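The values are calculated or read from the model by the stated rules, or taken from the named source; none is laboratory data. Model, not experiment: these values are computed from the prediction. Note that we place each Cβ from the backbone using ideal geometry, even for glycine, and neighbour counts take in every protein chain shown.
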């Protein structure tokens, strides 16, 4: 009986995590964070000795995009939930293909242009940024197509 209650508790915790979303008002906050951070990243390009701030801005930009991604729509129903799930699934698959193919493309272009190109993998920021942007774009496109 104790085993069953532990399993039930774990299932309940997983369901709570699966259904986790922020309120709709957080979408505006996420946009403010993401756009503000993007502007700061552009400004940082012109300030000398500001390399230390780059990872901080990357992290804040990812947080802003994640807040947008996790925010509910004004009318959140099962259909929107289904579209959101599809967009996460598509973004995951596209990000994996992109992460595997892009270094090969970079290497091939480098060889064609007679540059000493080496295989370089992506950093966490590039993969996560790409995945979040693709998820948001797929979600908005799926929502627009199904109105």
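Take the residues in the stretch 48-99 that are farther than 21 Å from residue 29 by Cβ and outside any helix (DSSP H, G or I), then tell me which one is modelled with the lowest pLDDT. My answer is 49.
I need a count of the residues in the stretch 73-94 that are touching a helix residue (DSSP H, G or I) at 6+ places or on another chain (Cβ under 8 Å) and closer than 23 Å to residue 17 by Cα. Steps first, answer last, please.
Filtering the stretch 73-94 down to residues touching a helix residue (DSSP H, G or I) at 6+ places or on another chain (Cβ under 8 Å) leaves 73, 80, 83-84, 86-88, 90-92, 94.
Keeping just the survivors that are closer than 23 Å to residue 17 by Cα gives 73, 80, 83-84, 86-88, 90-92.
Here the count works out to 10.
In the set (1) surrounded by 11 or more Cβ atoms within 10 Å (Cβ to Cβ); (2) free of Cβ contacts under 8 Å to residues at least 24 places away in the same chain, the condition left unmet by residue 45 is number (1). Among the residues of the stretch 13-37, those identified as surrounded by 15 or more Cβ atoms within 10 Å (Cβ to Cβ) and in a helix (DSSP H, G or I) are 26, 27, 29, 30, 31, 33, 34, 37.
Got at least one residue in the stretch 107-120 being in a helix (DSSP H, G or I) and under 22 Å from the mean Cα position of the chain (by Cα)? First the steps, then the outcome.
So in the stretch 107-120, the residues in a helix (DSSP H, G or I) come out as 107-112.
So of that shortlist, the ones also under 22 Å from the mean Cα position of the chain (by Cα) come out as none.
The answer is no; no qualifying residue exists.
Using the structure shown, decide if residue 43 is more than 19 Å from residue 128 (Cα to Cα) and either under 15 Å from the mean Cα position of the chain (by Cα) or modelled with pLDDT of 80 or more (or both). Yes; evaluated as a whole, the condition is true for this residue. For residue 80, the requirement of being outside the structural domain of residue 26 (by TED's automatic domain parsing), surrounded by 13 or more Cβ atoms within 10 Å (Cβ to Cβ) and touching a residue at least 60 places away in the same chain (Cβ under 8 Å) is met.
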